[in-house]
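Colleague: Submitted below is the structure of interest, expressed as structure tokens.
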Amino acid sequence: MYTPPVFAVSDTQRLHGLIREYPLATMITLDVSGIVVNHVPFLLDTTRGEQGVLMGHVARANPVWQSFSREIPSVVVFEGPQAYVTPSWYAAKAEHGKVVPTWNYAVVHVRGFPRVVKEESAVLALLDRLTRAQEAALPSPWQLQDAPADYIEKLMSAIVGIEIPVSSIEGKWKMSQNRDAADRAGVCNGLRELGGDAAATMARWMEDLF
């Protein structure tokens, strides 16, 4: 990923926070036919390995669990908030007009070699952890035990667990760091005036960064 130093983020807490808040990832693997792209929600277990382990699952009918390269690591991309930035929000527009549109965003790229988890007990434990993580904030969390055991057992036969020990992790927060304080404040104000959850989230992330 092309990352100018001004946009680079290496703080582990921020990187892990984005993964937790935006767990649906783009999983990019390589097989004999070329590049393969899938979309998989992952949970990051920070207690395992040197840099943690991504945990998820795919349909057994999806060939990715059999075809991914064992020589070239996979890339898993987590995309955080993003927003278009109009130059009209910059204080510099009124000063000299030498401004252009851009796009602000936050992403995390994780690399590692996937491994398959097929043992029934391990897959069940994986599903339980994934479910608990996503249901935790709900008023009445759903649990695997809420569904009939034979129904869950049948569904489990149709999926395969995936674990990816993290070999590297890098973050890019492109959030107007290359602009001065007045321009950044203008962007945050403009986003909040624009309205909507996406714009408000980007404004909050920018303010947290600075």
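The values are calculated or read from the model by the stated rules, or taken from the named source; none is laboratory data. Quick caveat: nothing in here was measured; it's all calculated off a predicted structure. Positions of Cβ are backbone-derived with ideal geometry, glycine not excepted, and every protein chain shown enters the neighbour counts. Protein only, heavy atoms only, side chains kept; ligands, DNA and RNA dropped before computing areas. Shrake-Rupley method; radii C 1.70, N 1.55, O 1.52, S 1.80 Å.
Colleague: Could you list, ordered by first residue, the pairs with Cβ atoms under 6 Å in which the first is in segment 181-197 and in a helix (DSSP H, G or I) and the second is buried (at least 16 other Cβ atoms within 10 Å of the Cβ) and of a type in the set (Ser, Thr, Tyr), at least 6 apart or interchain?
Modeller: Sorted first by the residue in segment 181-197, then by its partner, the pairs are 183/90; 184/176; 186/90; 187/176.
Colleague: Filter segment 40-49 down to the residues that are in a loop (DSSP other than H, G, I, E, B) and in contact (Cβ under 8 Å) with a residue 24 or more places away in the chain, then identify the one that is surrounded by the most Cβ atoms within 10 Å (Cβ to Cβ).
Modeller: The residue in question is 42.
Colleague: May I ask you to verify whether residue 131 is part of a helix (DSSP H, G or I), among the polar types (S, T, N, Q), over 30 Å from residue 67 (Cβ atoms) and open to solvent by less than 70 Å² (accessible area, probe 1.4 Å)?
Modeller: no
Colleague: Within the group 105, 84, which residue is in a strand (DSSP E or B), in contact with a strand residue (DSSP E or B) (Cβ under 8 Å, 6 or more places away or on another chain) and free of Cβ contacts under 8 Å to residues at least 24 places away in the same chain?
Modeller: That would be 84, the only listed residue that is in a strand (DSSP E or B), in contact with a strand residue (DSSP E or B) (Cβ under 8 Å, 6 or more places away or on another chain) and free of Cβ contacts under 8 Å to residues at least 24 places away in the same chain.
Colleague: Okay, next question. I need the full set of residues from segment 150-161 which are assigned to a helix (DSSP H, G or I) and within 14 Å of residue 121 (Cβ to Cβ), in order please.
Modeller: 152, 153, 156
Colleague: Ok, one more. Do we have any residue at all in segment 12-28 that's farther than 29 Å from residue 174 by Cα, modelled with pLDDT of 95 or more and not β-branched (Val, Ile, Thr)?
Modeller: No, there is no match, as no residue in segment 12-28 is farther than 29 Å from residue 174 by Cα, modelled with pLDDT of 95 or more and not β-branched (Val, Ile, Thr).
Colleague: Residue by residue through segment 103-119, note down the ones that are surrounded by 12 or more Cβ atoms within 10 Å (Cβ to Cβ) and farther than 24 Å from residue 17 by Cβ.
Modeller: Within segment 103-119, 113, 115, 116, 117 qualify.
Colleague: Scanning for something surrounded by 13 or more Cβ atoms within 10 Å (Cβ to Cβ), farther than 30 Å from residue 176 by Cα and either under 10 Å from the mean Cα position of the chain (by Cα) or of a type in the set (Gly, Ala, Ser) (or both), does segment 17-33 turn up at least one residue?
Modeller: No, every residue in segment 17-33 fails to be surrounded by 13 or more Cβ atoms within 10 Å (Cβ to Cβ), farther than 30 Å from residue 176 by Cα and either under 10 Å from the mean Cα position of the chain (by Cα) or of a type in the set (Gly, Ala, Ser) (or both).
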